[in-house]
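Comments concern the structure below.
Computed from the coordinates by the stated procedures, all read-outs in this text should not be read as laboratory data. Here the structure is a predicted model, which is why all the values come from computation and not from measurement. All Cβ positions, glycine included, derive from the backbone under ideal geometry; neighbour counts span all protein chains shown.
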Protein chains: 2
Amino acid sequence: MTDLKQKILTAVRRDLEAIESALAELLNPHFDLVRQVAGHILFAGGKRLRPLLMVLCARLCGNQDPHTVQSAVIFEYLHAATLLHDDVVDGGELRRGTDAAHQVWDPPTAVLTGDFLLARALGLAARTGLPEVIDTIAAITEQMSQGEIEQMARTGDLSLTEADYREVIRCKTAVLFQGACRTGALITRAEPVRVDALGDYGHHLGMAFQMADDLLDYTLDAGVLGKKAGADLREGKLTLPVIHTLRHSDDGERRWISHLIGSQDVAAEAFERLIALLTDNGSIAYTRQCARDHIALAKGALSGFDPGPQRGVLSDIADYALLRTA
Amino acid sequence: MTDLKQKILTAVRRDLEAIESALAELLNPHFDLVRQVAGHILFAGGKRLRPLLMVLCARLCGNQDPHTVQSAVIFEYLHAATLLHDDVVDGGELRRGTDAAHQVWDPPTAVLTGDFLLARALGLAARTGLPEVIDTIAAITEQMSQGEIEQMARTGDLSLTEADYREVIRCKTAVLFQGACRTGALITRAEPVRVDALGDYGHHLGMAFQMADDLLDYTLDAGVLGKKAGADLREGKLTLPVIHTLRHSDDGERRWISHLIGSQDVAAEAFERLIALLTDNGSIAYTRQCARDHIALAKGALSGFDPGPQRGVLSDIADYALLRTA
């Protein structure tokens, strides 16, 4: 474990424990099968990053209420719901190193459990009694589903631009980070300028986080990632490294890459040749730089807050998101 | 068209027109594909019963606000979302006489469009600014997903009792009717006793409606129902007529029925023999009587309201729900 990760985990240990308890406590389903399937996705070693961000942003705004974690779990339930649906959509077999729920049970069960978690998240949002919080959370869900639909509709579409890609990852990832951070501020009734600043922090962190994730697909093996490397390529999902490389390739290379995209059977040799091309074209470095730029903006958004341990851990989390790409 | 149906349609024509416009206006998706898929399910000749009930219950409580329809569409979006997911879950090929969305596009697109509609419904609920409305709508979604999961988990399970069946149809159908009617009262800030009375009306109407629907599966042909007759049987879905008949059959008949349930290839002759058995055992009549009992309770729940055209149309709708089973 890196020193930075250890430092973050020490700082947030108590919050993480409180989140963990609340996740189990508030799930409370009517039928046992729902508990099993939801538990399979929820308690399989997630980082709890989204609820943690919400709690940390609330604390940074001066929130001392121990019940804050009860609203924070909203963001883990939403995240789990989208993972369940996305795995059905993508046909992904592994999730966090274990069989995806639609493999253990079946796709319908995964879809309906996702619906339950979505509803539970929105029910908890309703419980806050704050219309702006409820609105934020409903808007997140809308944008995430639309982002996923757009991504799916453009599977294998080589005309996807960097701007298109940025819009897709904003919808599918950054809005949830942004919403978690905003909600932390909203629930503490922080001034609008602070709500916006923490929303910006979350947005940029989310953008960088997804870029880092997309990069890992071309730099790590299955054991570390908990899913098969090159999965995006096989699913025909164009991410920034490949979009950049297509822009900097000649016709022959473009044709070769277009054959690889969406191919279920990419030989290890071909995958290695693709990675060499991504490296030679500076596409790995470019993606890393884009992520770095977003992290700088995320940290910049914190500048209006007093320095101290609360701001420090949010800044450390931003640095850590970047470290994953190195 | 029956006289009663004509009478109802004349009474609610303006409300239906307003609902129809609001459904298109408030959909407003970010991506064109979402518009197409959501439009496919939304504008394929639905009866708009759920939003209509909401509007009529609001009017009965004295609501004159022309914007009420804007919250009523919540219940059609929720309904459409669950239809999209249920068709994926059941593998249903036809919906309202046309190809189901997951057949025209694919299951993932249907799942994600369902998510979008769910989120839009909850976003519109948030816009009412009434915590009790938001809570009601989140609870509906939770219960509907749990009801579907339970139904699916018990597919082909011959030990399903009438009480189990009632709990499943309560979750999957009646809570939405109940929620629509309650919300009509809540949004008009009606007294709690009226909120509860209209909730009861909706609950019993929903129970009767689903029983009538389940009965149609054994009494009508594909053309009228817009889906294949006997679909529940083929999907292994035990509904009240069959549950009642299993209770009144001898061992031989029970074995024969258990072979039929979940069988993809039920010969017309076997299906006719099953219907004869349902008739001889009084199971068709029993189901019809249960629906009739719920309709009587639904109409009874209206007794505290002043007689007049508003109460009259809700009462007519209850009678009409029953007429479908005749």
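What's the local net charge at residue A:34, with K and R +1, D and E -1, over the other residues with C-beta under 11 Å away? Mind showing how you got there, number by number?
Values: positive: A:35, A:120; negative: A:32, A:115, B:142, B:148, B:150.
My count for the surroundings of residue A:34 gives -3.
Return the sequence-ordered ³J(HN,Hα) values of the range A:99-113 in whole Hz as given by the Karplus equation 6.51 cos²θ - 1.76 cosθ + 1.60 applied to θ = phi - 60°, using x for Gly and Pro.
4, 5, 4, 6, 8, 5, 9, 8, x, x, 4, 5, 4, 5, 5
If we hang a label 7 Å off Cα along the beta carbon direction at residue A:25, how far is it from the matching labels on the other copies, in nm, shortest first?
In nanometres, ordered from closest: 4.4.
Could you pull the copy-to-copy label distances for residue A:264, with points set 7 Å along Cα to Cβ, in nm to one decimal and sorted shortest first?
1.9
Under the Karplus relation 6.51 cos²θ - 1.76 cosθ + 1.60, θ = phi - 60°, what is the ordered set of whole-Hz ³J(HN,Hα) values for the range A:140-150, x standing for Gly and Pro?
These are the phi-based 3J(HN,Hα) values: 4, 4, 4, 5, 4, 5, 5, x, 5, 5, 4 Hz.
So if we plug the beta-carbon distance of residue B:272 and residue B:17 into 1/(1 + (r/R0)^6) with R0 = 56 Å, what FRET efficiency do we get, rounded to 0.05? Walk me through the numbers on the way to the answer.
Details: r = 43 Å, r/R0 = 0.76.
The formula returns an efficiency of 0.85 here.
For every other residue with a beta carbon closer than 13 angstrom to the beta carbon of residue A:202, add +1 if it is Lys or Arg and -1 if Asp or Glu, then tell me the sum.
On the way: positive: A:50, A:170, A:182, A:194, A:299; negative: A:196, A:200.
Counting the neighbours of residue A:202, the net charge comes to +3.
So what's the gap between the Cα centers of the range A:1-20 and the range B:271-304, to the nearest angstrom?
Taking the Cα centre of the range B:271-304 as reference, the centre of the range A:1-20 is 59 Å away.
Does the range A:9-90 come out rounded, prolate or oblate, given a ≥ b ≥ c as the square roots of the eigenvalues of its C-alpha gyration tensor, rounded meaning a/c under 1.5 and, failing that, prolate meaning a/b above b/c? Could the numbers behind the result be given before it?
Values: a/c = 2.22, a/b = 1.73, b/c = 1.28.
Prolate is the answer for the range A:9-90, as a/c is 1.5 or above and a/b outweighs b/c.
Kindly give the distances from residue B:196 to its copy-mates, label point to label point, with each label point 7 Å from Cα along Cα→Cβ, as nm values to one decimal ordered shortest first.
Its label point is 4.8 nm from the equivalent points in the other copies.
So which of B:7/B:47; A:5/A:172; B:47/B:172; B:5/B:172; B:5/B:47 end up more than 20 Å apart by C-alpha?
A:5/A:172; B:5/B:172
Quick check: Cα centre of the range B:148-203 to Cα centre of the range A:29-92, how many Å?
27 Å
Which FRET efficiency value, to the nearest 0.05, do you get for residue B:247 and residue B:6 by plugging their Cβ-Cβ distance into 1/(1 + (r/R0)^6) with R0 = 45 Å?
Step by step, r from the Cβ atoms, then E = 0.70.
Residue by residue, what Karplus-based ³J(HN,Hα) values in Hz, rounded to whole numbers, does the range A:85-91 have, using 6.51, -1.76 and 1.60 with θ = phi - 60° and x for Gly and Pro?
5, 5, 5, 5, 4, 7, x
How large is the dipole of the protein assembly as shown about the Cα centre if only Lys and Arg carry +1 and Asp and Glu carry -1, each at its Cβ, rounded to the nearest 20 debye? If you can, show how the numbers build up before the last one.
Working: 66 positive and 88 negative charges, 276 e Å.
It works out to roughly 1320 debye.
In deg cm²/dmol, rounded to 500, what helix-only [θ] at 222 nm does the protein assembly as shown give when every DSSP H run of at least 4 residues adds -39500 (n - 2.57) and the total is split over its residues?
Mean residue ellipticity, 222 nm, calculated: -23500 deg cm²/dmol.
Given charges of +1 on the Cβ of Lys and Arg and -1 on the Cβ of Asp and Glu, with all other atoms neutral, how large is the dipole of the range B:3-323 about its Cα centre, in debye to the nearest 20?
Roughly 840 debye, rounded to the nearest 20.
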